[in-house]
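Single-structure report; data block below.
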Amino acid sequence: MSQESLAPFSCTYSVDFPDILLGLGSSLAISTYQSGKVILMSPAAERIVQLPRTFHDAMGLAVADGRLAVATKHEVVVLANAAELAAGFPRKPGVYDSLFVPRASYYTGPMAIHDMAWGRDGRLWAVNTVCSCLAVIEDRYNFTPMWKPPFISRLLPFDHCHLNGLALEDGRPRYVTALGTTDTAQGWRQNKLRGGVLIEVESGEVLLEGLSMPHSPRVVSGRLFLLNSAACELLEVDPVRRTSEVVARLPGFARGLAVAGDYLFVGLSQLRHDHKVFGDLPIASAQGLYCGVLCLHLPTGRIAGELRYLRTCKEIYDVQVLAGVLRPGILAPGDDTVKLALAVPGLATWAEERPEEAAPRGSAER
């Protein structure tokens, strides 16, 4: 069967993939910049159910306390789980156990926001790649700069080092990744294959260098992992000794790393030769790479399951786990159904659409 005859977002997956999610009592949220979607994946009777929703140029995702934040081309959209509305969802009553509904949008401008995470203080932290800084997203400014690498002399909107990844520890920013230590516009592109670094936020020190387009640092039970993306590697880092070792070799350009129980979920991309950033990398010509999600068993490092896209989706940016959610629904900001959803303390209901009352003939509009 040709790809053209397949339905959009057609995929295959290993038998174990839905079973693992079911055992974890969780679903996944992934973002794909190339397709402009956020996709929710949930397990159902030995299969995977997908809900793709439009979020233009979707990249970083953040999940905490029943909220889902999505970084898009010009804004960050925050959705909240209105679980009490799920059962009565008008289009599919009795199907969902949760429903993510848009609650706020923050207009950041085209800042290419990559990783995001809620801190323990309740603030939403974001990697502002265009301005080479860590920022907090709030309603007073487009963003509030909080930290920049020591080698960045001042904030300018020219993507000097391609700051991209963020790891929190104890709810505070601890590590970031960048594709270079340059302080000129797009300077990181000159050595993008070997110029990557891991930086400790508090000290500003470079802990690892010579990385191959690193992304998605994460602290998991005191252990630090990151994706050495263009080398198709998952690394575990010893920040004291400033060393790393390969935990697993991956069948794709890796971005997006999430943990649930003993499992790591890794986003994989199948790079295009005509990609303006990645097209000239050796990995773009490699055989056997695919776009999808890989599930790794952390105690053993073995591949426990996988999902592969066959059509539409070629790149994944982020992966997050929706814990305790087995059949989530989601409404994108452009969905008119959002206007009918009403969830407040003590009340959850769906409003009925009312036709606009026609003005009396001959009366003036006001």
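The values are calculated or read from the model by the stated rules, or taken from the named source; none is laboratory data. From a predicted model like this one, the values you see are computed outputs, not experimental measurements. As a convention, Cβ positions derive from the backbone with ideal geometry for all residues, glycine included, and neighbour counts pool all protein chains shown.
Considering 216, 244, 229, which residue is buried (at least 22 other Cβ atoms within 10 Å of the Cβ), of a type in the set (Ser, Thr, Tyr) and without any contact (Cβ under 8 Å) to a residue 60 or more places away in the chain? Step through it out loud before you land on a result.
Working: 216 fails: without any contact (Cβ under 8 Å) to a residue 60 or more places away in the chain; 244 fails: buried (at least 22 other Cβ atoms within 10 Å of the Cβ).
Matching residue, one of 216, 244, 229: 229.
Restricting attention to segment 24-49 and to residues that are farther than 16 Å from residue 256 by Cβ and touching a residue at least 40 places away in the same chain (Cβ under 8 Å), the residue that is farthest from the chain's Cα centre (by Cα) turns out to be 44.
Residues of segment 279-296 that are surrounded by fewer than 17 Cβ atoms within 10 Å (Cβ to Cβ) and outside any loop (DSSP other than H, G, I, E, B): 282, 285.
Considered as a group, the residues in segment 167-185 that are among the small types (Gly, Ala, Ser) and under 25 Å from residue 238 (Cα atoms) include one that is surrounded by the most Cβ atoms within 10 Å (Cβ to Cβ), and that residue is 178.
For residue 256, indicate whether it is part of a strand (DSSP E or B) and surrounded by fewer than 14 Cβ atoms within 10 Å (Cβ to Cβ).
Working: part of a strand (DSSP E or B): yes; surrounded by fewer than 14 Cβ atoms within 10 Å (Cβ to Cβ): no.
For residue 256, the condition - part of a strand (DSSP E or B) and surrounded by fewer than 14 Cβ atoms within 10 Å (Cβ to Cβ) - is not met.
Which residue, of 80, 44, 58, is farther than 30 Å from residue 130 by Cβ and among the small types (Gly, Ala, Ser)? Give the derivation first.
Working: 80 fails: farther than 30 Å from residue 130 by Cβ; 58 fails: farther than 30 Å from residue 130 by Cβ.
When all the criteria are applied, what remains is 44.
Residues checked against (1) loosely packed, with under 15 Cβ neighbours inside 10 Å; (2) in a strand (DSSP E or B):
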residue: 127; (1), (2): no, yes
residue: 142; (1), (2): no, no
residue: 153; (1), (2): yes, no
residue: 161; (1), (2): no, no
residue: 165; (1), (2): no, yes
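Any residue in segment 23-34 that is in a loop (DSSP other than H, G, I, E, B) and in contact with a His (Cβ under 7 Å, 6 or more places away or on another chain)?
Our first condition is that a residue be in a loop (DSSP other than H, G, I, E, B); within segment 23-34, this holds for 25, 33-34.
Keeping just the survivors that are in contact with a His (Cβ under 7 Å, 6 or more places away or on another chain) gives none.
Looking through segment 23-34, none of the residues is in a loop (DSSP other than H, G, I, E, B) and in contact with a His (Cβ under 7 Å, 6 or more places away or on another chain).
Restricted to segment 111-125, and to residues there that are assigned to a strand (DSSP E or B) and not acidic (Asp, Glu), the residue that is surrounded by the fewest Cβ atoms within 10 Å (Cβ to Cβ) is 118. Just one of the listed residues (72, 108, 54, 32) is on the phi < 0 side of the Ramachandran plot, surrounded by fewer than 20 Cβ atoms within 10 Å (Cβ to Cβ) and among the β-branched types (Val, Ile, Thr), namely 54. One residue alone among 196, 210 is at positive phi and free of Cβ contacts under 8 Å to residues at least 40 places away in the same chain, and that residue is 210. Within segment 271-284, is there a residue that is modelled with pLDDT under 75 and among the small types (Gly, Ala, Ser)? Yes: segment 271-284 contains one or more residues that are modelled with pLDDT under 75 and among the small types (Gly, Ala, Ser). When you check residue 49 against the structure, is it over 27 Å from residue 110 (Cα atoms) and at pLDDT 95 or above, yes or no? Here the answer is yes, as residue 49 does meet what is asked.
Note on segment 310-338: among residues that are touching a helix residue (DSSP H, G or I) at 6+ places or on another chain (Cβ under 9 Å) and of a type in the set (A, V, I, L, M, F, W, C), the one that is modelled with the lowest pLDDT is 310. The residue that is nearest to residue 320 (Cα to Cα), counting only those in segment 232-241 that are in contact (Cβ under 8 Å) with a residue 40 or more places away in the chain and outside any strand (DSSP E or B), is 232. Could you tell me which numbered condition residue 307 fails, if it satisfies all but one of (1) at pLDDT 95 or above; (2) part of a loop (DSSP other than H, G, I, E, B); (3) closer than 19 Å to residue 14 by Cβ; (4) of a type outside the set (S, T, N, Q)? Among (1) at pLDDT 95 or above; (2) part of a loop (DSSP other than H, G, I, E, B); (3) closer than 19 Å to residue 14 by Cβ; (4) of a type outside the set (S, T, N, Q), residue 307 violates only (2).
Within segment 96-109, residues that are within 19 Å of residue 322 (Cβ to Cβ) reach partners that are part of a loop (DSSP other than H, G, I, E, B) and of a type in the set (Phe, Trp, Tyr) with beta carbons closer than 9 Å, at six or more positions or on different chains, in the pairs 96/89; 99/89. Scanning segment 50-105 for residues that are under 17 Å from the mean Cα position of the chain (by Cα) and among the aromatic types (Phe, Trp, Tyr) gives 55, 100.
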